[in-house]
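Here the structure comes first, spelled out in structure tokens, and everything after it is commentary.
The values are calculated or read from the model by the stated rules, or taken from the named source; none is laboratory data. Keep in mind the model is a prediction, meaning the values are calculated, not measured. Counting neighbours? That spans all protein chains shown, and the Cβs are built from the backbone with ideal geometry, glycine included. The area values use the complete protein model at the heavy-atom level, side chains included, leaving out ligands, DNA and RNA. Shrake-Rupley method; radii C 1.70, N 1.55, O 1.52, S 1.80 Å.
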Amino acid sequence: MSAKDDAKADWADAAGVSGEHVFTGDRAPGMHRALMILGPVGLALAIGASLWSSSRQITHSVNVQVESTWERGEPLGLRAQVLGADVRAVPLEVGVAATFTDAAGGAHELGPLAPVEDGLSQLSFVVPEGVALGEGELLLSFEGGVGKDKAGQKVRYPAFEERLAISVLEQRGAARGEQVVARHMLQWADDSDEQPEGLRVDLRPEGRLLAGFHNRVFVRVTDVAGKPWAPKHVEARVQVVLISGEFGTKVGTLDESPVLYEGPLDSLGLASFVGELHSDVVRFEVRLPADVAPKPAPVEGEGEGETEGEEAKPEEAKPEEAKPAFDGPKRRLRFVSHAGTVRIHASTDLAKPGDTVRVDVEALSARRPVFVDVHGPSGSWLDTLTPPLRVPQERDWQLPEHFGGAVVEAGEAKEGQGFVQFEAYQSVLRPETSSAIARVQVFDGEPRDALVPLIERQREQLDLPRVDKAFEIGREKTYLSHVEKQRPSLDAGELDQARAFLIGSLEAVVHGPPQALTTRPREEEQLAAFKRRWTVGIRWFLLGGGLSFILTMVVMVWRNQTRLEAQTTAALLAEARESGKELGHLRVVSATELPEELREEQALAISHARRQVLGRGLLTIGLMVATLLLTMAMLESLVWEY
């Protein structure tokens, strides 16, 4: 393009057709100024709204533990816990009132829950006899309050209500507990010996083997079929030594292994020893005497003569009776401590309806209370000891009179018998895996007859999975049948040990407090839906606002360009008229009558203005589009949640 083409005519500036006033200058349109302000303001509003919506969090959630099926006149436990945003108990005592509305619309006040910890309350109540059968509703009214968070800042918690559906039935079925099988990684390195030939040697802890607590371990020796070991030539004795680990006051070694127990087996092939476990892994070795005939005694008179020239030796004092040699079969067994921090003991393992049972707890940490729940023969959550126990502490609990324990007749167990199970834990949120249990058999009859339902319970559990790889169902069946057969002839000591073995070797089936309501998933879902709504709204705001901005800019550019062309034509016509007046021979009335020279100047001015307007307009639109895309990408990756 020549210098002439690049040069702007003086009349073009005078007419204001350069295009610069579209974007700059005092004559810029108001709409353009508004767009330049509204664009950044809209982006700032979108970013601020995104940050605000994404910062919303759950203020509180509730866990409610109660049976969802009730029976009239039944004692039950109820627990409610309010959790904060960090899934920790809110730092204040929350007042909670419970009201049950039955199927007929009748309201029954169950009473206020007793606060036992920050954010935690519980209640033991009896289902009213007058409630109507059918679907009812449990209303829990939570009082608000002000507490302090971990940083010491005050936090206000509003009052709210939660409702739970409850079914009231004439009689409900038994609740199935959850078997807790140890899955510690150390279990995979089990190096226990195989069973010795011709015999079966078992070690079974009473309940769970727990490091840091006293543990009772039973020794049982049977033949291959499952009957108690009955050697022909020696007494049925056993020796247990510690190979590795720490048990009681002993530390295990391979060379001179300390003896933990040495003594006879009873008629059921049982013995036991007690000690505190101080290591996570322990190895025991069970040793038996060799069942071989003793050497025959020398014949009388032999060896009485003296060899000639040999003086008679003075008679030596007879040594004390030699200790039996455990040089027969043996088996080494390895055990791993269960991951538990609480141990619970009951004063008895056999009680009648109406009896009082004393429970005491031990815990590795005495700073936190121990919650103790009571589950009835059907597995229902009957009660929770309130307030929770502090270590060391004991508490008495009376068995309800309605526990029917029928007497065994003709060796057959009658209905109405069962077990009360005490479960202790320090964390109320899903405590099943860490709960300690103590079982008490409810039986209104002779202790000897109470073995029958206990044997039946053992038979019911034969198909459950076991950690013991040497567990043999057939052998267990034979042993249980033998115990049942020998039951009438057992003495008091054998009866007590048999009961302790049978009830202590039951698999750990834990009921746990029934989780009736957990609002955390609901609160999270509502919060996620809230954030999704805001995200969609902000996205449409950005897309809609950006598109409107771009369309408005395009219309403005087009309108300004049209206006510029009209102004240019008008200026040229005015210029032509002035020139014609001066020459006295030309009268221009329209753009088509312009001289060739003026038409070229018109085309040059319009082209120059169009390039300037379109260039600046496209630059502005491009910057806006880039800013919009970058803003959405930033919000998408850093702020928005779905």
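Roughly how many Å² of L164 are accessible to a 1.4 Å probe, to the nearest 10?
Probe radius 1.4 Å; accessible area of L164 about 10 Å².
Over the Cα atoms of the range 67-177, compute the convex hull volume and normalise it per residue, giving Å³. Present the calculation step by step, with values, prior to reporting the outcome.
Values: hull volume 12.0 nm³, N = 111.
Convex hull volume per residue, Cα atoms: 108 Å³.
Report, in listed order, any pair from K330/K485; K330/K469; K227/K485 with a Cα-Cα distance greater than 19 Å. Please report the intermediate quantities before stating the final value.
Numbers: K330/K485 28 Å; K330/K469 17 Å; K227/K485 11 Å.
Exceeds cut-off: K330/K485.
How long, wide and thick is the range 111-263, going by the Cα atoms along their three principal axes, in whole angstroms, largest first?
Principal-axis extents of the Cα atoms in the range 111-263, largest first: 76, 51, 28 Å.
Per residue, how much accessible area does the range 67-177 show when a 1.4 Å probe rolls over the protein heavy atoms, in square angstrom? Could the numbers behind the result be given before it?
Working: 5480 Å² over 111 residues.
Accessible surface, normalised per residue, equals 49 Å².
Over the range 67-177, with every protein chain in place, what whole percent of the accessible area is carbon and sulfur at 1.4 Å, could you tell me?
Values: 2600 of 5480 Å².
Here it works out to 47 percent.
Run the numbers for L618 and E170: contour at 0.36 nm per residue of separation, minus the present Cα-Cα distance, in nm.
Details: separation 448, 0.36 × 448 = 161.28 nm, distance 7.97 nm.
Contour length minus Cα-Cα distance gives 153.3 nm.
Ordering W52, W381 by how much accessible area each has at a 1.4 Å probe, largest first, what is the list?
On the way: W52 110, W381 0 Å².
Ranked list, largest accessible area first: W52, W381.
Between V555 and R358, what is the label-point separation in nm under the 7 Å Cα-to-beta-carbon projection?
The modelled label-to-label distance comes out at 9.1 nm.
Say a paramagnetic label sat at a point 7 Å from the Cα of T249, along Cα to Cβ; which residues of the range 197-235 have their backbone N under 18 Å from it?
Taking a point 7 Å out along Cα→Cβ of T249, the residues of the range 197-235 whose backbone N falls under 18 Å are 213-215.
With a 1.4 Å probe and every protein chain left in place, tell me how much accessible area Y157 has, in Å² to the nearest 10.
It works out to around 30 Å².
Lys and Arg at +1, Asp and Glu at -1: add these up for the other residues within a Cβ distance under 10 Å of L265 and post the number. Don't skip to the end; give the middle numbers.
Details: positive: R220, R237; negative: E235, D266.
Net local charge, L265 excluded: 0.
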